[in-house]
Amino acid sequence: MADATILQAWLLSFCYFTTVMTLKMPYEFIADQTSNYVLPKLPYDYKDLEPFIDEATVRVHHLGHHAAYTKKMNIALEQWTADSEVAHSMSLAQKPILDILIGLDDVPKKYKSSIQNNGGGYVNHNFYWSVMSPNPNLDDREPVNQLGDDIVKAFGNFSNFKALFTQEALSLFGSGCYVWLSRNPIENGKLVISKTTNQDSPLTDELQPILVIDVWEHAYYIKHQNLRPKYVSDWWNLVDWSLVEEIDNWWKGPNYDYHEEL
Amino acid sequence: MLSATATVIKSVPKSVGALGTFVSRLNHTLPDLPYDFNALEPTISAEIMRIHYTKHHATYVNNLNIAEEKLAEAMETKNVNQVIQLQPALKFNGGGHINHSIFWQVLSPNGGGEPSGDLMEVIKRDFGSFEAMKTELSNASVAVQGSGWGWLGFNPVSKRLRVATCANQDPLQPTTGLVPLFGIDVWEHAYYLQYKNVRPDYLKAIWNVVNWDKVAQNLHDATMAC
């Protein structure tokens, strides 16, 4: 009897251990598979981003919007890879969505718009969920280590960086946009703030995004209605700089689990 | 009926200066809403109507006035760079004001059903049937990526009706040449509080409140202007 209980306990611990250890961050999904992408689980419960982002918004945003992009992206990829008329583009079609968005200009015209919108939508939201974590104690959060230094180098100080980033988020004509902090590899990894419209991605400009805010109205309308500035200021409380640093390091390391056949 | 509180001043005196600037600030105002906020329920909720009109449309009006003031200054100082830099703000806020002013008029609590007379004839001629036009405009509106508008427009050259979409607040006529007859706002703020991410449901429902009399008037005016 005792042996069975010990075995059970061991099995349970093993299952828990492997679940926790293998909980992938949403952004990791963009580089390690090439088809049948799943909607990544959020690294927190739907209510955990309160009071800054309300539960209802996180639910609809994830299970409605993000899920729809995931589904439509899978359909577009399936159609593309099965299309013999565009066989010349097959090597791109069979790459992870990260590479496809980098090489977006080479996607056949037939599929480009769908890949841009739905693939972009999938990837953009993967990043968005990945840079936030619950902040129930209203901690002041700031970047540290190399990333912290690089932000100071690029923008003068953290306050200034926040102000510039916020200004971009508030000055957009139109809704349906994102504001990004990325590294530019051709400028030795210099940090740049940029924005994209609709579901466009900085990946297509060969930037390496590490931080993003979704300023589509659906990201904040239920709680804030037209008051986008309030949403942006609330969002800063959720930015988890240790996660941003993780993504920064991810770009520097080998980030493909998928290996091309030799 | 809700009234705007400021009077509209139609013409700005040539001599720009303190008075001219003051006058141009009152150049645009929020038009009267022809019905109460709750009048379009259950198709469009009172909450959406209130925020859409008193916040979103009002902001376009305010920012248009500000942009025009800056434009007057830039022109006075012959600052061509600044004149050009103001164009996105003018298009966005001016377009927002134009589009929403049309939108309130082409919706009505007494709307819905089908058009009749010349409008119906022209719709049948150019789309095959009323249902075909509804389907085309609905599909086009659902498919708008990001923010924008779906339109039923009149081509003043071919005299035909066309479905078109515009991004953001780009106004139909300056952007495409089509005269707007009926438009559907598909910015998320137009439907999100009620329909969430299910834009197709909003598109299905909006036909219940289309003010076909006003759309017919728009067609008549467009035809007369040719």
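The values are calculated or read from the model by the stated rules, or taken from the named source; none is laboratory data. In this text, all values refer to a predicted model and were calculated from it rather than measured experimentally. In this analysis, Cβ positions are derived from the backbone assuming ideal geometry, glycine residues included, and neighbour counts consider all displayed protein chains. To get the accessible areas, we keep the full protein, side chains included, count just its heavy atoms, and leave off ligands, DNA and RNA. Shrake-Rupley method; radii C 1.70, N 1.55, O 1.52, S 1.80 Å.
Could you go through segment B:167-174 and let me know if any residue there is open to solvent by less than 10 Å² (accessible area, probe 1.4 Å) and of a type in the set (G, A, S).
No, segment B:167-174 has no match at all.
Sort out for me the helices (runs of 4 or more DSSP H) sitting completely within segment A:143-262 that have 2 or more residues that are under 29 Å from B:Q85 (Cα atoms).
A:145-155, A:158-170, A:228-235
I'd like the full set of residues that are assigned to a helix (DSSP H, G or I) and either at pLDDT below 95 or among the β-branched types (V, I, T) (or both), limited to segment B:90-111.
Matches in segment B:90-111: B:I98, B:I102.
Are there any pairs with C-beta distances below 8 angstrom linking a residue in segment A:156-179 that is away from chain B (no Cβ under 14 Å) to a residue that is among the acidic types (D, E) and surrounded by fewer than 17 Cβ atoms within 10 Å (Cβ to Cβ), with the two at least 6 apart or on different chains, and if so which?
Between residues of segment A:156-179 that are away from chain B (no Cβ under 14 Å) and residues that are among the acidic types (D, E) and surrounded by fewer than 17 Cβ atoms within 10 Å (Cβ to Cβ), the close pairs are A:F158/A:E142.
Considering only residues that are surrounded by 10 or more Cβ atoms within 10 Å (Cβ to Cβ) and at pLDDT below 75, which ones fall in segment A:11-40?
Within segment A:11-40, the first condition is being surrounded by 10 or more Cβ atoms within 10 Å (Cβ to Cβ), and the residues that meet it are A:11-18, A:23-35, A:37-40.
Once the filter is applied, which keeps residues that are surrounded by 10 or more Cβ atoms within 10 Å (Cβ to Cβ) and at pLDDT below 75, segment A:11-40 yields A:L11, A:L12, A:S13, A:F14, A:C15, A:Y16, A:F17, A:T18.
Which of the residues spanning segment B:115-132 are surrounded by 13 or more Cβ atoms within 10 Å (Cβ to Cβ) and either within 22 Å of B:A225 (Cβ to Cβ) or free of Cβ contacts under 8 Å to residues at least 24 places away in the same chain (or both)?
Of everything in segment B:115-132, those that are surrounded by 13 or more Cβ atoms within 10 Å (Cβ to Cβ) and either within 22 Å of B:A225 (Cβ to Cβ) or free of Cβ contacts under 8 Å to residues at least 24 places away in the same chain (or both) turn out to be B:P115, B:L119, B:M120, B:V122, B:I123, B:K124, B:D126, B:F130, B:A132.
Can you name every residue in segment A:96-139 that is surrounded by fewer than 16 Cβ atoms within 10 Å (Cβ to Cβ) and among the polar types (S, T, N, Q)?
A:S113, A:N137
Anything in segment B:25-65 that is open to solvent by 60 Å² or more (accessible area, probe 1.4 Å) and away from every other protein chain (no Cβ under 14 Å)? List them, or say none.
B:R25, B:D32, B:D36, B:N38, B:E41, B:P42
Cβ-Cβ under 8 Å, sequence separation 6+ or interchain: first residue in segment A:45-70 and farther than 17 Å from A:V131 by Cα and within 14 Å of another protein chain (Cβ to nearest Cβ), partner polar (S, T, N, Q) and open to solvent by 50 Å² or more (accessible area, probe 1.4 Å). Which pairs?
Qualifying pairs under 8 Å: A:V60/B:N197; A:G64/B:N197; A:H65/B:N197; A:A68/B:N197.
In a helix (DSSP H, G or I) and among the aromatic types (F, W, Y) - does that describe any residue in segment A:46-64?
No, every residue in segment A:46-64 fails to be in a helix (DSSP H, G or I) and among the aromatic types (F, W, Y).
Taking the criterion of being part of a loop (DSSP other than H, G, I, E, B) and under 30 Å from A:S35 (Cα atoms), would at least one residue in segment A:113-136 satisfy it?
The answer is yes, given that some residue of segment A:113-136 is part of a loop (DSSP other than H, G, I, E, B) and under 30 Å from A:S35 (Cα atoms).
Could you grab me the full set of residues in segment B:198-226 that are open to solvent by less than 30 Å² (accessible area, probe 1.4 Å), of a type in the set (V, I, T) and more than 11 Å from B:T43 (Cβ to Cβ)?
Filtering segment B:198-226 for residues open to solvent by less than 30 Å² (accessible area, probe 1.4 Å) gives B:199, B:202-203, B:205-207, B:209-210, B:212, B:215, B:218-219, B:222.
With the extra rule that they be of a type in the set (V, I, T), the set shrinks to B:206, B:209-210, B:215.
Within segment B:198-226, just B:V215 meets the criteria.
Somewhere in segment B:177-188, is a residue without any contact (Cβ under 8 Å) to a residue 40 or more places away in the chain, closer than 25 Å to A:A68 by Cα, open to solvent by less than 50 Å² (accessible area, probe 1.4 Å) and in contact with a helix residue (DSSP H, G or I) (Cβ under 7 Å, 6 or more places away or on another chain)?
No, segment B:177-188 has no match at all.
Mind listing whichever residues of segment B:118-166 are of a type in the set (F, W, Y) and either on the phi > 0 side of the Ramachandran plot or in a helix (DSSP H, G or I) (or both)? Don't jump to the end; show me each part of the working.
Going through segment B:118-166, the residues of a type in the set (F, W, Y) turn out to be B:127, B:130, B:149, B:151, B:154.
Answer for segment B:118-166, where residues must be of a type in the set (F, W, Y) and either on the phi > 0 side of the Ramachandran plot or in a helix (DSSP H, G or I) (or both): B:F127, B:F130.
Restricting the search to segment B:145-155, which residues are within 14 Å of another protein chain (Cβ to nearest Cβ) and open to solvent by 20 Å² or more (accessible area, probe 1.4 Å)?
Scanning segment B:145-155 gives a single hit, B:Q145.
For a quick check of your reading of the model, give me the residue pairs whose first member lies in segment B:85-110 and is under 17 Å from B:W207 (Cβ atoms) and away from chain A (no Cβ under 13 Å), whose second is of a type in the set (G, A, S) and open to solvent by 20 Å² or more (accessible area, probe 1.4 Å), with beta-carbon atoms closer than 7 Å and at least 6 apart or on different chains.
B:P109/B:A39
Does at least one position in segment B:201-224 carry a residue that is within 14 Å of another protein chain (Cβ to nearest Cβ), assigned to a loop (DSSP other than H, G, I, E, B) and free of Cβ contacts under 8 Å to residues at least 60 places away in the same chain?
Checked against the condition, which is being within 14 Å of another protein chain (Cβ to nearest Cβ), assigned to a loop (DSSP other than H, G, I, E, B) and free of Cβ contacts under 8 Å to residues at least 60 places away in the same chain, segment B:201-224 yields no hits at all.
Can you tell me which residue is most open to solvent (accessible area, probe 1.4 Å) among those in segment A:76-95 that are free of Cβ contacts under 8 Å to residues at least 12 places away in the same chain and of a type in the set (A, V, I, L, M, F, W, C)?
Looking at the filtered set, the residue picked out is A:A82.
Can you confirm whether B:T77 is of a type outside the set (D, E), open to solvent by 10 Å² or more (accessible area, probe 1.4 Å) and within 11 Å of another protein chain (Cβ to nearest Cβ)?
Judged against the criteria, B:T77 is not a match.
Looking at (1) under 28 Å from A:Y231 (Cβ atoms); (2) touching a residue at least 60 places away in the same chain (Cβ under 8 Å), which is the only condition A:I102 fails?
All conditions pass for A:I102, except number (1).
Mind listing just one residue for me: the one in segment B:156-172 that is closer than 18 Å to B:F127 by Cα and within 17 Å of the chain's Cα centre (by Cα) and, of those, farthest from the other protein chains (Cβ to nearest Cβ)?
Taking segment B:156-172 and keeping what is closer than 18 Å to B:F127 by Cα, we get B:156-165.
Subsequent filtering for residues that are within 17 Å of the chain's Cα centre (by Cα) retains B:162-165.
On the way: B:R162: 21, B:V163: 18, B:A164: 18, B:T165: 13 Å.
If we take residues in segment B:156-172 being closer than 18 Å to B:F127 by Cα and within 17 Å of the chain's Cα centre (by Cα), then B:R162 is farthest from the other protein chains (Cβ to nearest Cβ).
How about segment A:180-207: which of its residues are more than 12 Å from every other protein chain (Cβ to nearest Cβ) and crowded, with 19+ Cβ neighbours inside 10 Å?
Within segment A:180-207, A:W180, A:L181, A:S182, A:R183, A:L191, A:S201, A:P202, A:L203, A:L207 meet the criteria.
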